[in-house]
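Asker: For reference, the structure I am asking about is given below.
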Amino acid sequence: MAWRVTIIVALTFYLGVILYFTVPTAPPWMAAEQGLINNVVRGMHSVGPAILGVDFYNWAFEAMAEPNPSAAMPSLHFAASFVVVAVGIVLRSRWLIGVALLYSAALTFALVYLGEHYIADIIAGGVVAAFAFGAVEGGRFVRYWMQQRNAELAERWLRVANWLREALRLPPMRIPTS
């Protein structure tokens, strides 16, 4: 399963980068700095130094966040958290799915509240992650569903055939020999 998850994560990020270059979008804080929208500040610049200290925050921000300050569409932060939901689905772990959904919801709130992403960016990130999950795991689920569906249909057909046989008082069906 590790390879499947690795492929889902890689595909999510590659698709996200393609979408980023296809639909370049300024994040809310940048649009506010340019006067395109009102009342949005980059919350990271006020919250980060207060929690981490000014020197450590400035070092960490320059090392990790500053190289790509204008990426907004899609939210790969949300996409990565949504991939964990997909892993929970693969593992059939309700506990993991529940925790991952709660984390994804909290992350959505934080990303929008801190002015890093629009809701559309979050939705696009979820769609990218869901598409990557479907591309990797979709065939497995369709095959499983078809096998279950065929078994159900065969069982129903057998019940109908037995009912007809008894209703019409026909002799039992022959069992083919191989």
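Asker: Condition first: at pLDDT below 80, β-branched (Val, Ile, Thr), assigned to a helix (DSSP H, G or I) and over 20 Å from Ala135 (Cβ atoms). Can you find one or more residues in segment 47-54 that meet it?
Answerer: yes
Asker: Something else: Can you pull out the residues in segment 23-44 that are open to solvent by 40 Å² or more (accessible area, probe 1.4 Å), more than 20 Å from Leu76 (Cα to Cα) and in contact (Cβ under 8 Å) with a residue 12 or more places away in the chain?
Answerer: Hits for segment 23-44 are Val40, Val41.
Asker: For residues in segment 141-164 being among the basic types (Lys, Arg) and at pLDDT 75 or above, which is least open to solvent (accessible area, probe 1.4 Å)? Give the derivation first.
Answerer: Taking segment 141-164 as the starting set, the residues that turn out to be among the basic types (Lys, Arg) are 143, 149, 156, 159.
Of the ones still in play, those that are also at pLDDT 75 or above are 149, 156, 159.
Working: Arg149: 83, Arg156: 120, Arg159: 142 Å².
Applying the filter and picking the extreme gives Arg149.
Asker: Right, something else. Within segment 106-130, take every residue that is more than 16 Å from Val47 (Cα to Cα) and among the hydroxyl-bearing types (Ser, Thr, Tyr) and give me the one that is surrounded by the most Cβ atoms within 10 Å (Cβ to Cβ).
Answerer: Only one residue fits best here, namely Thr108.
Asker: Of the residues in segment 59-105, how many are modelled with pLDDT under 85, open to solvent by 60 Å² or more (accessible area, probe 1.4 Å), part of a helix (DSSP H, G or I) and farther than 30 Å from Asn39 by Cβ?
Answerer: 2
The values are calculated or read from the model by the stated rules, or taken from the named source; none is laboratory data. A quick note: this is a predicted structure, and the numbers were derived from the prediction, not measured. Here Cβ is always computed from backbone atoms with ideal geometry, including for glycine, and neighbour counts include all displayed protein chains. Heads up: the accessible areas ignore ligands, DNA and RNA and are worked out on the full protein's heavy atoms, side chains in. Shrake-Rupley method; radii C 1.70, N 1.55, O 1.52, S 1.80 Å.
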